[in-house]
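Notes to accompany the following structure.
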Amino acid sequence: MRKLPPLRALQVFEAAARQSHFSRAAEELCITQSAVSHQVRLLEEHFDEPLFLRQGRSLKLSPKGEILYEELERIFNELADLGRLFGEPNRELKLAVYSSFAVKWLIPRLSDFRRRHPEVQIRLEMVAQDPELSDSVADLFISGGLKRRGYWQTVLHKERLIPVCSPQLPPRAGQITIQSLQQYPLLTVDEGPLGLDWNRWAEANAVTLTPNHRQHIFSHVLMAIEAAIAGQGIALASDFMVEDDIASGRLIEAELPDVHTGFEFTFCCKERRLKEPAIAAFADWLMLMASQPQPQ
């Protein structure tokens, strides 16, 4: 007879580890917080190992807890997949994606995917930072270069920031130069720990921005792009995200240097799910769209 750990305790631990919170795990499982604590304690006694590190109100997995959580997530996902053996494959997919990527590149192209695969429904979940790679978050992910065992990934675009503005901003389209840059407001994105994007551009291109250079600060690149379209100044944007705006004449690329940030927009999903028809169809379509040349 197999000597198994308490199965209910494994389920409770997985929820608590995923939520990083006993109360939220209790709400998910419709039990009390004390019941969650009891089940976790049973599991710790079974393994004779602490599974959580409790520091004040914060809750963090111990090294052994991390290993157990990864294994349980894999096992529970495989158990969930058993349902597909007895019914229709999942044709509704949740995609976690950066809002900028979704709004400026993905959404304008999604009608093509729906035309090719009307049987597959894509639900977009916009994220502001790299999400946790987990089936509990989404089926598919477009974010930074996250790597995790058991996930397949491919690079869609390497970020190259180009200066863009409205065709009405300079005296003659495309005639903004480094020498005349001081005349124009900069539409600057505050990228948190990375700092201001125009400051990074200046450092990369050995350009000096004077302290009195007009800068309008935005918390998100989408706002800076819209301000550029409205003629309020010059913004930095990923080249592929503004290709449609440039092709339609809403924006022009200023005659200024670009900057390669080293950031990569990456598509990933679980390796074992790549054979699912809906996921395979979306992955093939996405790579086809990403491989198409940008308008010149």
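The values are calculated or read from the model by the stated rules, or taken from the named source; none is laboratory data. Everything quoted here is computed from the prediction, not taken from an experiment. Backbone-built Cβ (ideal geometry, glycine too); neighbour counts: all protein chains shown. Protein only, heavy atoms only, side chains kept; ligands, DNA and RNA dropped before computing areas. Shrake-Rupley method; radii C 1.70, N 1.55, O 1.52, S 1.80 Å.
In this structure, does Val155 turn out to be open to solvent by 20 Å² or more (accessible area, probe 1.4 Å), touching a residue at least 12 places away in the same chain (Cβ under 8 Å), outside any loop (DSSP other than H, G, I, E, B) and not basic (Lys, Arg)?
Working: open to solvent by 20 Å² or more (accessible area, probe 1.4 Å): yes; touching a residue at least 12 places away in the same chain (Cβ under 8 Å): yes; outside any loop (DSSP other than H, G, I, E, B): yes; not basic (Lys, Arg): yes.
Yes.
Scanning region 84-108 for residues that are at pLDDT below 85 and over 16 Å from Asp139 (Cα atoms), which turns out least open to solvent (accessible area, probe 1.4 Å)?
This residue is Gly87.
Out of all the residues in region 117-135, which are farther than 24 Å from Val242 by Cβ, surrounded by 14 or more Cβ atoms within 10 Å (Cβ to Cβ) and more than 14 Å from the chain's Cα centre (by Cα)? Can you show your working first?
We begin by selecting, within region 117-135, every residue farther than 24 Å from Val242 by Cβ; these are 117-121, 123, 131-135.
Adding the requirement that they be surrounded by 14 or more Cβ atoms within 10 Å (Cβ to Cβ) leaves 117, 120, 131-135.
Selection gives His117, Val120, Asp135.
Pick out the one residue from Leu169, Leu196, Leu187 that is under 23 Å from the mean Cα position of the chain (by Cα) and either under 23 Å from Ile229 (Cβ atoms) or in the same structural domain as Phe101 (by the TED database) (or both).
Numbers: Leu169 fails: under 23 Å from the mean Cα position of the chain (by Cα); Leu187 fails: under 23 Å from the mean Cα position of the chain (by Cα).
Answer to the check: Leu196.
Please indicate, with yes or no, whether at least one residue in region 132-142 is modelled with pLDDT under 85, in contact with a Ser or Thr (Cβ under 7 Å, 6 or more places away or on another chain), of a type outside the set (S, T, N, Q) and assigned by the TED database to the domain that holds Ala102.
Checked against the condition, which is being modelled with pLDDT under 85, in contact with a Ser or Thr (Cβ under 7 Å, 6 or more places away or on another chain), of a type outside the set (S, T, N, Q) and assigned by the TED database to the domain that holds Ala102, region 132-142 yields no hits at all.
Against the conditions (1) modelled with pLDDT of 85 or more; (2) open to solvent by 70 Å² or more (accessible area, probe 1.4 Å); (3) among the aliphatic types (A, V, I, L, M), where does Leu43 fall short? Just the number, please.
All conditions are met except number (2).
Say whether the condition of being polar (S, T, N, Q) and over 27 Å from Asp190 (Cα atoms) is met by at least one residue in region 238-259. Lay out the reasoning, then the answer.
Looking only at region 238-259, we keep the residues that are polar (S, T, N, Q), and these are 238, 248.
Of the ones still in play, those that are also over 27 Å from Asp190 (Cα atoms) are 248.
Within region 238-259, one or more residues are polar (S, T, N, Q) and over 27 Å from Asp190 (Cα atoms).
Select, from Ala9, Ala35, Ala26, Ala80, the only residue that is assigned to a helix (DSSP H, G or I), within 27 Å of the chain's Cα centre (by Cα) and either modelled with pLDDT of 90 or more or not charged (D, E, K, R) (or both). Spell out the reasoning first.
Working: Ala9 fails: within 27 Å of the chain's Cα centre (by Cα); Ala35 fails: within 27 Å of the chain's Cα centre (by Cα); Ala26 fails: within 27 Å of the chain's Cα centre (by Cα).
The conditions single out Ala80.
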